[in-house]
Amino acid sequence: MHNTPDNYDPPQRPDWDEYFLMLAKLAATRSTCLAFPVGAVIAKNRQVLATGYNGSPSGSAHCISQGFCYPGLSSCDASKTLPSRAVHAEANAIAKAARHGISTDGASIYVTLEPCIYCLKLVIATGIREIFYETSFNSGEKAALRDTFISEGIVEFKQIQLSENTAKKAALFLLHPTSVLKDSIS
Ligand SMILES: [Zn+2]
Ligand SMILES: [Zn+2]
């Protein structure tokens, strides 16, 4: 039997919340809307069920390809009257699960942005009970409605961030070939 050396410092691994948040961030890199990138991951029992990012519905022109969300409008969020062309990341992840017959009941969702009220209601309606988010979004009466849902016990919110260690490790993994012997990365 071998004992762990006294001076051994094990490599740090991301915890599960960081792991799924990182996957949500990676999903956000596929965003096709000019407003801002958002990514979502639905997970249950430490297993990814579906992922999504914000963008126009599959088959419709992408905002980033057109160079505008609407002609003369730089972002889907820049108008008070025109509806956003984007399906939000959470809705896309839920739609993906629906298309593939995957139950989201009792699952958690990880999002880079707190769900808007419409997505929040959809998330709750699909049986997701836990929302992990990176950046806050709702304010005023929308935040009040969110807080009502929380106080009714039908959903839980937790704001999370990647630790600096995890973010640095992920950046190294992304910037270099990942599965090579340590000595060959200089
Ligand atoms: Zn857009
Ligand atoms: Zn939304």
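Working note: 222 nm ellipticity from helices only, DSSP H runs with n ≥ 4, each -39,500 (n - 2.57), summed and divided by the residues of the chain, gives -9500 deg cm²/dmol to the nearest 500.
Under a 5 Å amide H cut-off, with hydrogens placed 1.01 Å from N, VAL87 pairs with GLY55, SER56 among residues at least 5 apart or on other chains.
Taking the longest Cα principal axis of the chain as reference, the axis of helix 16-28 is set at about 50 degrees.
The trypsin sites (Lys or Arg not before Pro) found in region 1-94 that occupy coil by DSSP, while having at most 13 further C-beta atoms within 10 Å, are ARG46, LYS80.
Helix 89-99 and the long axis of the chain differ in direction by around 90°, with both axes built from C-alpha atoms. Between the amide H of LEU113 and those of GLY39, GLU134, THR135, distances stay under 5 Å, these residues lying 5 or more places away or on another chain, with hydrogens modeled in the peptide plane. The chymotrypsin sites (Phe, Trp or Tyr not before Pro) found in region 1-72 that occupy coil by DSSP, while having at most 10 further C-beta atoms within 10 Å, are TYR8.
Summarised in one figure, the compactness ratio Rg/Rh of region 69-186, Cα atoms and Kirkwood Rh, is 1.08. Classify region 6-56 as rounded, prolate or oblate from the Cα gyration tensor: take a ≥ b ≥ c as the square roots of its eigenvalues, call it rounded if a/c is under 1.5, otherwise prolate when a/b beats b/c and oblate if not. Oblate, since a/c reaches 1.5 and b/c is not below a/b. What angle, in degrees between 0 and 90 and rounded to the nearest 10, separates the Cα long axis of helix 140-151 from the longest principal axis of the Cα atoms of the chain? Around 60 degrees separate the two axes. Over region 1-156, the pair-distance histogram of Cα-Cα distances with 5 Å bins from zero comes to 2, 9, 17, 19, 17, 14, 9, 5, 3, 3, 2, 1, 1, 0, 0 percent, rounded to whole numbers.
Here, each number is a calculation from the coordinates, and none is a lab measurement. This one's a predicted model, so the numbers in the text were calculated from it and none came from an experiment. When we count neighbours, we look across all protein chains shown, and the Cβ atoms used for this are built from the backbone with ideal geometry, even at glycine.
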